[in-house]
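Each remark here refers to the structure printed beneath this line.
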Amino acid sequence: MSQEKSLLYINTDPDSEETRSKQGLSTDHDRVYYVTDPAATLCSSSMHPPEGSVQKPQCEINPFMPQPSTVQWTVPLTDSAHSPIYLQADWYTAALQGFDGQLRLSNVMRAPTATKEPKVLLSVSSRTFMIRSRLGEPVVLDCGFWVDASSPLSGSGFAVEWRYQFRGDGRLVLAYDGKTDRFAETQEEGAGLDFTALHETGNASLILQEAEVRHSGTYICTVYLPYLLAQVAVELEIVEPPSLSIFPSPLPLSMPGQVVTVQCEASGFYPLSLEFHWVLTGPGGRVSPLGQGSVTGHRQGPDSTYSQTSRVELDSAKLDLGRGGEVTCVAVHRGGTRRASVTLNITGVSAPSIEDYMAMVAVALGIYGLIKVVSWTFSSGSDVAYTQEKKVK
């Protein structure tokens, strides 16, 4: 394979003064193309970075050979046994990606033989080619196409195909023949198109009613015209954060020196990567990290999400827990960080706290005051009795 540095001059009108003024200018590029794009898709701001920007749009141009497709849902597009004379020209495909990562384009262009003035006839694009979704949410995978109405191939119908790929696995998700208005038979459920938008505006976006783990992967949107095709890829990532539960909860009362075992289960998360951390918040807000604990292997549920458990042992004698504290389990996942806490209470502690001292002082003062009152009452009663006795004598 040989690669050549190319320069593209893009305009929406091939007869404009600006287009003619560019022709014949000297350049250090190996090839120069004067591209006409009536839809102005190539003129998107994603293809024109600010001056001095380090990020640049990516572009690759290759020769293209028009030929009829053999898949079932495109056969009606080329039912004639003879190829039109219109195909006798120089054909190119251009794959482009915007510098900000928000646009992917795939164009088919036709140029008169031995010229470098191609015109875009078919353009397929996606503006959200990387999508992240949680389980159960509806998902729209963006794909749109434009066809040059002046081309003889535009009036012969179109077809749309969506395919799924993930780690070597592939399947047909949806295929629609726009000429005969028919769907190909597939095993995929919950996937569809907006037919009104498809026929009126070229919106071929795939709609998934409810995201599942099995939907995570690469989706390829292909649009067929007679003898032509263009495609873009859209990435869908399913990310579901874990749900945390601590047990036993609440924790039983513990004695000094007793070892308490606490378990934390993270369930229903995807993808697989997960990190545990334990934290103990003691008296006065003092925070002590306890590490990740003893972590079990992953378990996969019926919905393909994962579960995992971490266990930590708390020794009040070694950790200097005092009267207890708050134990927190932290799970760090791509979908977000989750926390769950439980309170640890320790009874029979030999060293009283300041609050205990204050309470004992208050009780002592109360008892002392009560004794003084009772003593004063008895003393006063004795004096009165003695006085009365003296009067009687």
Among the residues of the stretch 45-66, are any touching a Pro at 6+ places or on another chain (Cβ under 6 Å) and open to solvent by less than 30 Å² (accessible area, probe 1.4 Å)? yes
Write out, first by first residue and then by second, each pair whose Cβ atoms fall under 6 Å of each other, whose residues are 6+ apart or on separate chains, and whose first residue, in the stretch 223-241, is hydroxyl-bearing (Ser, Thr, Tyr) while the second is assigned to a strand (DSSP E or B). Tyr224/Ala159
Given the conditions (1) open to solvent by 60 Å² or more (accessible area, probe 1.4 Å); (2) free of Cβ contacts under 8 Å to residues at least 24 places away in the same chain, every one holds for Leu253 apart from (2)
Can you tell me how many residues in the stretch 316-352 are at pLDDT below 85 and either part of a helix (DSSP H, G or I) or open to solvent by less than 30 Å² (accessible area, probe 1.4 Å) (or both)? 9
Could you look through the stretch 208-250, keep only residues that are within 30 Å of Gly324 (Cβ to Cβ) and among the aliphatic types (A, V, I, L, M), and pick out the one that is most open to solvent (accessible area, probe 1.4 Å)? Leu244
Within the stretch 253-281, track down each residue that is within 19 Å of Gly293 (Cβ to Cβ), part of a loop (DSSP other than H, G, I, E, B) and not hydrophobic (A, V, I, L, M, F, W, C). Gln258, Ser273
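The values are calculated or read from the model by the stated rules, or taken from the named source; none is laboratory data. On a predicted model such as this, the values are computed, not experimentally measured, just so you know. So basically every Cβ, Gly included, is an ideal-geometry build from the backbone, and we count neighbours across all protein chains shown. Ligands, DNA and RNA are stripped out before the accessible areas are found, and what is left, the full protein with its side chains, is counted by its heavy atoms. Shrake-Rupley method; radii C 1.70, N 1.55, O 1.52, S 1.80 Å.
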